[in-house]
1. Taking residue 66 as the residue in question, decide whether it is in contact (Cβ under 8 Å) with a residue 24 or more places away in the chain, over 17 Å from residue 140 (Cα atoms) and not in a helix (DSSP H, G or I).
2. Considering only the stretch 125-153, state which residues are surrounded by 13 or more Cβ atoms within 10 Å (Cβ to Cβ) and in a loop (DSSP other than H, G, I, E, B).
3. Just checking, how many residues over the stretch 165-186 are in contact (Cβ under 8 Å) with a residue 12 or more places away in the chain and either in contact with a helix residue (DSSP H, G or I) (Cβ under 6 Å, 6 or more places away or on another chain) or surrounded by 13 or more Cβ atoms within 10 Å (Cβ to Cβ) (or both)?
4. Working carefully through the options 78, 85, find the one that is crowded, with 18+ Cβ neighbours inside 10 Å and farther than 30 Å from residue 182 by Cα.
5. Restricted to the stretch 33-53, and to residues that are more than 15 Å from residue 86 (Cα to Cα) and in contact with a helix residue (DSSP H, G or I) (Cβ under 7 Å, 6 or more places away or on another chain), which residue is surrounded by the most Cβ atoms within 10 Å (Cβ to Cβ)?
6. Could you check how many residues of the stretch 154-179 are in a helix (DSSP H, G or I) and more than 14 Å from residue 109 (Cβ to Cβ)?
């Protein structure tokens, strides 16, 4: 197998929009706190601006140089999470978000979906000192439903990883999925 450069990245990035998002995400939101439609749309468009910057500055140039790009979170995450926050504001929010991305997004060759019951995910996160605003059981169940729907729509792109197993086994499954994709490209 020929050597290829690997680029590891994540969203939100360290762009200006990403910095604003990280600050907002670190502020827990009460279940009872309702954000205005304008605030929800602002958050969505900050995620999209960060994604556009990510594509322009890192992802697209890296791919053009022949690198393999691995991103922790990407456009599907925005569709899944913001699809919950936009419920009642736009019809079928997940598809609406994807339609906005469609003309300019670079779809990934594979998406590894780490399947984990939200209650177990939150239990594992308890050791962290900070909680993000989306880390609430009911919200995460709806996000999980959005991710499952996306996986059903594009089963050739999504690889489900059982994240309920220990971290080493889940990492092995993820690595194997990545190696399988690389071997098919070489």
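1. Working: in contact (Cβ under 8 Å) with a residue 24 or more places away in the chain: yes; over 17 Å from residue 140 (Cα atoms): yes; not in a helix (DSSP H, G or I): yes.
Answer is yes for this residue.
2. 131, 132, 133, 134, 135, 136
3. 7
4. When all the criteria are applied, what remains is 85.
5. Selected residue: 51.
6. Total meeting the criteria: 10.
Since every read-out is calculated from the coordinates, none of them should be taken as a lab result. In this text, all values refer to a predicted model and were calculated from it rather than measured experimentally. Here the Cβ is made from the backbone with ideal geometry for all residues, glycine too, and neighbour counts use every protein chain on show.
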